[in-house]
Amino acid sequence: GQMLISFRRHNGHWLIHDVAVENKTEKDKQIPSVRQLAIALNSAVEFLDAYAAADKTRLKAVSKPSFYSGSLESSDLNLVSLPTPAASATTHQLRLEAGIADFIVTQSHEVMKMNLLRVEAEDSQSAVKYLVSDVSIYDLEEKQEKRLSSLFTSRAIVDAFAAAIAQRDLDMLM
């Protein structure tokens, strides 16, 4: 393979801007951008850390707005456990491809896949960022996929239905 290094001139000095690694024989071992890889990895770890702490302010900062408001904002995060950053440190994979990053953590009984979308900077002084758009959990024993967005949305629907039954609210049930 070969390493490609890009430089930028800053205050009269040349600085390394990014590094890429190309591997012609093993395409899955390529790193299109070490910089983008680090940004996506930081977002994934921040999400897992905030999720474990049930810190919705931090979750909002690293989540796509529709995912946060539609799934995480009003959910009880203790209902579904995700790997901690420490547990995923040695078992994760991160794949970058055309504005999308997939952060994958394999454990003995399940595989967690976090989808992150690249969001371009608003100006040249700001950095690109990656926001979590959904998280899937693949149960290896039951061979079942569970999306975090679906788990929390279905739970909210069941809770609303149960409340309507308890209150005998026929309008809500129909």
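Every number here is computed from the coordinates shown, using simple stated rules; none is lab data. Note that the structure is a prediction, hence the values are computed from the model and not measured. Backbone-built Cβ (ideal geometry, glycine too); neighbour counts: all protein chains shown.
Using +1 on the beta carbon of Lys and Arg, -1 on that of Asp and Glu, and nothing else charged, what's the dipole of the range 1-80 about the Cα centre, debye to 20?
For this selection, approximately 360 debye.
Computed from the Cβ-Cβ distance with R0 of 45 Å, the FRET efficiency linking Ser74 to Lys24 stands at 0.40.
Packing here is the average count of other Cβ atoms within 10 Å per residue, and on that basis the peptides 42-50, 65-73, highest first, run 42-50, 65-73.
Centroid-to-centroid, using Cα positions, the range 28-105 and the range 124-145 are 6 Å apart. Taken about its Cα centre, the range 53-129 carries a charge dipole of roughly 60 debye when the Cβ of each Lys and Arg holds +1 and the Cβ of each Asp and Glu holds -1.
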